1. Being touching a Gly at 6+ places or on another chain (Cβ under 9 Å), among the hydroxyl-bearing types (Ser, Thr, Tyr) and more than 10 Å from chain A (Cβ to nearest Cβ) is true for just one of B:Ser147, B:Ser108. Which residue is that?
2. Are there any pairs with C-beta distances below 7 angstrom linking a residue in the stretch A:238-259 that is under 25 Å from A:Cys26 (Cα atoms) to a residue that is among the basic types (Lys, Arg), with the two at least 6 apart or on different chains, and if so which?
3. Could you please find all residues in the stretch A:185-205 being among the polar types (S, T, N, Q), surrounded by fewer than 18 Cβ atoms within 10 Å (Cβ to Cβ) and either touching a residue at least 12 places away in the same chain (Cβ under 8 Å) or farther than 14 Å from A:Ser222 by Cα (or both)?
4. Are any of the residues in the stretch A:206-215 touching a strand residue (DSSP E or B) at 6+ places or on another chain (Cβ under 7 Å), in contact (Cβ under 8 Å) with a residue 40 or more places away in the chain, of a type in the set (A, V, I, L, M, F, W, C) and within 14 Å of chain B (Cβ to nearest Cβ)?
5. On the given criteria, is B:Leu96 within 16 Å of the chain's Cα centre (by Cα), part of a helix (DSSP H, G or I) and at pLDDT 95 or above?
6. If I filter the stretch A:90-129 down to residues being buried (at least 16 other Cβ atoms within 10 Å of the Cβ) and small (Gly, Ala, Ser), which single residue comes out as farthest from the other protein chains (Cβ to nearest Cβ)?
7. Taking the condition of being within 14 Å of A:Phe178 (Cβ to Cβ) and more than 15 Å from the chain's Cα centre (by Cα), how many residues in the stretch A:17-36 meet it?
Amino acid sequence: MAILEMKGIKKRFSGEEILKGIDLSCKEGEVLSIIGPSGSGKSTLLRIATFLENADSGTIIYDGKTVFQREAQPESLRKGGDSIGWDTANRQQAKALFGLVFQNFNLFPHWTVLENIIDPLIHVQKKEKSFAVEKGRALLERMGLSDKEGQYPCSLSGGQKQRVAIARALALEPKILFFDEPTSALDPELTGEVLRLIRSLKDERMAMVIVTHEMNFAREISDEVLFMAEGEVLCRGSSEAVFTAENERLQSFLGKIQMS
Amino acid sequence: MEWYVILSKLLGGLGVSLSIFLITLLFSLPLGLLLSFGRMSRNLILQNATKVYISIMRGTPLMLQLFVVYYGPYYIFKIQLHPGYRMMAVYIGFVLNYAGYFAEIYRSGIQAMDKGQLEAAEILGYSKTQAFLRIIFPQVWKNILPSITNEVITLVKDTSLAFSISVMEMFTTAKAISSSQSSMLPLIMAGILYYIFNFIVAFLMERFEKKLDYYS
């Protein structure tokens, strides 16, 4: 069964149509990559999937439960109703199903590495502190960051920060993990460690939706690839099918990426 | 009058100044935070009401505000004033005024926060209150501390404005002795005491800032 299903997602920002009706779904153990030029709406789509942004219309279903459903309506009829279309109870449940890894990590700078990981366990999931610490340490060990647990994020490299951010998300045991350009803020020599980690999550059959500019990585890891441009999905399918598709827009995009 | 007699009288006044200082901080710091929420509220009535309030508090002299608080109840409502109200009026006037300044400092600090922090908190499942108390405020507090220190130091000197409604704090005391003895000495001594007061305040605030400097 699909963990996440999105249908007909539309979004406008100050009159400009950013998303023109996007469908996507992600099943258990599946890796879905979204590629495309900047400004194509990839990140907005991810933000809508994680409830950071409201879609103007469309449907969002998590684990078979409809969380959000809103009919298309002319803007003039829609009055400041951010809450319209949400099923509050389902939304609350769905929030526990996903995690999001940000481009610029968004670790909490006033907490140590370990505190960053265990605080949500203790204060959101209401777990015992001893349990949380044990779990946090196990995750840090897996990340190869055991020696950093008492340090503050400012003293870590970008790659280390991102690994801590991934550990923080994993601690809450999500069923699906979103990545918003997880390596775009990293120096090239640091992207490898983060990509290796994401690969290892695939081996554990973690469902993932990844917005990325790392084409080789997307090609290798994805079960499905979406190519987006100007708010539309121009190409979708298996990794091989998309990367060899004869879509002009896609090939010119891939060409430009390869050049850089 | 011997210098140590003057000093002991001034120290009595300093006690009153200190109480104005402490009571003002105790109440205006939290009140300022509440006002900053009003100022940032999406409710337009609340937002504009706090905006006008802050604008008046910052736009008119504190001395005038003290007069209004102290004499207002009598002039406007013909309420007979209890003698103890004089001190109360000073506390009220100072708290209302300083809360206005603190509100703007909080607001600047909160609005300068990276939105990503709040988004990360939301994704991790923190409630809005938790996110503010555990994640946003501790960072805001560290960032605004230098501005708060500025206000606190000004407050030490502003306590002398209680002179305007004849509260016997240190400046009022110094002025009275100076007049009766035709001497500058009490004023100079008061000046030195204010300076020492502020020296200690600045020292403590700096220690406090250093303590919060464990991350950057």
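The values are calculated or read from the model by the stated rules, or taken from the named source; none is laboratory data. All of these numbers come straight from a predicted model, not from anything done at the bench. Positions of Cβ are generated from backbone atoms using ideal geometry, with glycine treated the same way; all protein chains shown enter the neighbour counts.
1. B:Ser147
2. Close Cβ pairs (under 7 Å, with a partner that is among the basic types (Lys, Arg)) amount to A:Ser239/A:Arg219; A:Val242/A:Arg236; A:Phe243/A:Arg219.
3. The answer is none; no residue qualifies.
4. yes
5. Answer is yes for this residue.
6. The qualifying residue farthest from the other protein chains (Cβ to nearest Cβ) is A:Ala94.
7. Count: 0.
Yes or no, residue by residue, for (1) in a helix (DSSP H, G or I); (2) within 14 Å of chain A (Cβ to nearest Cβ); (3) crowded, with 19+ Cβ neighbours inside 10 Å; (4) over 26 Å from the mean Cα position of the chain (by Cα):
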position: B:Val68; (1), (2), (3), (4): yes, no, no, no
position: B:Gly100; (1), (2), (3), (4): yes, no, yes, no
position: B:Ala121; (1), (2), (3), (4): yes, yes, yes, yes
position: B:Trp141; (1), (2), (3), (4): yes, yes, no, no
